[in-house]
Amino acid sequence: MVIPDELKGKVTIDVATAARVLGISRNLAYHAARDGTIKTLKLGSRVLVPVGPLLDLLAGQTDEAA
(Lines give C-alpha, C1' and ligand atoms only; values in the text may rest on other atoms or scores of the structure.)
Protein backbone atom coordinates (compact mmCIF):
# COMPACT_ATOMS: atom_id res chain seq x y z
CA MET A 1 0.00 0.00 0.00
CA VAL A 2 1.24 3.46 -0.88
CA ILE A 3 1.06 5.89 2.05
CA PRO A 4 -0.39 9.27 1.07
CA ASP A 5 2.09 12.16 1.44
CA GLU A 6 -0.21 13.90 3.94
CA LEU A 7 0.30 10.98 6.35
CA LYS A 8 4.06 10.49 6.07
CA GLY A 9 5.87 11.22 9.31
CA LYS A 10 2.64 11.96 11.21
CA VAL A 11 1.22 10.17 14.23
CA THR A 12 -2.11 12.03 14.15
CA ILE A 13 -3.93 14.29 11.71
CA ASP A 14 -7.03 16.44 11.93
CA VAL A 15 -10.41 15.26 10.67
CA ALA A 16 -10.32 17.57 7.63
CA THR A 17 -7.03 15.99 6.50
CA ALA A 18 -8.49 12.51 7.05
CA ALA A 19 -11.41 13.53 4.84
CA ARG A 20 -9.04 14.57 2.03
CA VAL A 21 -7.08 11.32 2.32
CA LEU A 22 -10.28 9.26 2.26
CA GLY A 23 -11.77 11.29 -0.59
CA ILE A 24 -14.89 12.19 1.38
CA SER A 25 -16.44 15.45 2.51
CA ARG A 26 -15.41 17.05 5.78
CA ASN A 27 -18.97 16.70 7.07
CA LEU A 28 -19.02 12.97 6.30
CA ALA A 29 -15.63 12.57 8.00
CA TYR A 30 -16.90 14.28 11.17
CA HIS A 31 -20.00 12.06 11.08
CA ALA A 32 -17.80 8.95 10.72
CA ALA A 33 -15.64 10.19 13.60
CA ARG A 34 -18.74 10.65 15.79
CA ASP A 35 -20.12 7.19 15.03
CA GLY A 36 -16.73 5.49 15.49
CA THR A 37 -16.09 4.49 11.87
CA ILE A 38 -13.00 6.70 11.97
CA LYS A 39 -11.13 6.25 15.25
CA THR A 40 -10.32 9.53 17.01
CA LEU A 41 -8.57 11.01 20.03
CA LYS A 42 -10.05 14.02 21.79
CA LEU A 43 -7.46 16.38 23.28
CA GLY A 44 -9.20 19.35 24.81
CA SER A 45 -11.38 20.73 22.05
CA ARG A 46 -9.31 19.11 19.27
CA VAL A 47 -10.37 15.92 17.54
CA LEU A 48 -7.41 14.04 16.08
CA VAL A 49 -7.27 10.94 13.92
CA PRO A 50 -4.46 8.45 14.66
CA VAL A 51 -2.69 7.60 11.41
CA GLY A 52 -2.26 3.86 12.18
CA PRO A 53 -5.99 3.05 12.42
CA LEU A 54 -6.67 5.33 9.43
CA LEU A 55 -4.18 3.33 7.34
CA ASP A 56 -5.91 0.14 8.51
CA LEU A 57 -9.23 1.61 7.37
CA LEU A 58 -7.71 2.48 3.98
CA ALA A 59 -6.34 -1.07 3.68
CA GLY A 60 -9.80 -2.48 4.41
CA GLN A 61 -8.88 -3.90 7.81
CA THR A 62 -11.21 -3.51 10.76
CA ASP A 63 -11.06 -4.63 14.38
CA GLU A 64 -13.43 -7.46 13.53
CA ALA A 65 -11.07 -8.74 10.81
CA ALA A 66 -7.91 -8.43 12.92
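The values are calculated or read from the model by the stated rules, or taken from the named source; none is laboratory data. Since the structure is predicted, the reported quantities are computational estimates derived from the model, not experimental observations. As a convention, Cβ positions derive from the backbone with ideal geometry for all residues, glycine included, and neighbour counts pool all protein chains shown.
Here are the criteria: (1) assigned to a helix (DSSP H, G or I); (2) surrounded by 15 or more Cβ atoms within 10 Å (Cβ to Cβ). Tell me which single one I13 does not satisfy.
(1)
Please determine, by comparing only the residues of the range 31-66 that are modelled with pLDDT of 90 or more, within 16 Å of K8 (Cβ to Cβ) and in a helix (DSSP H, G or I), which one is nearest to the chain's Cα centre (by Cα).
Per the criteria, the residue is L54.
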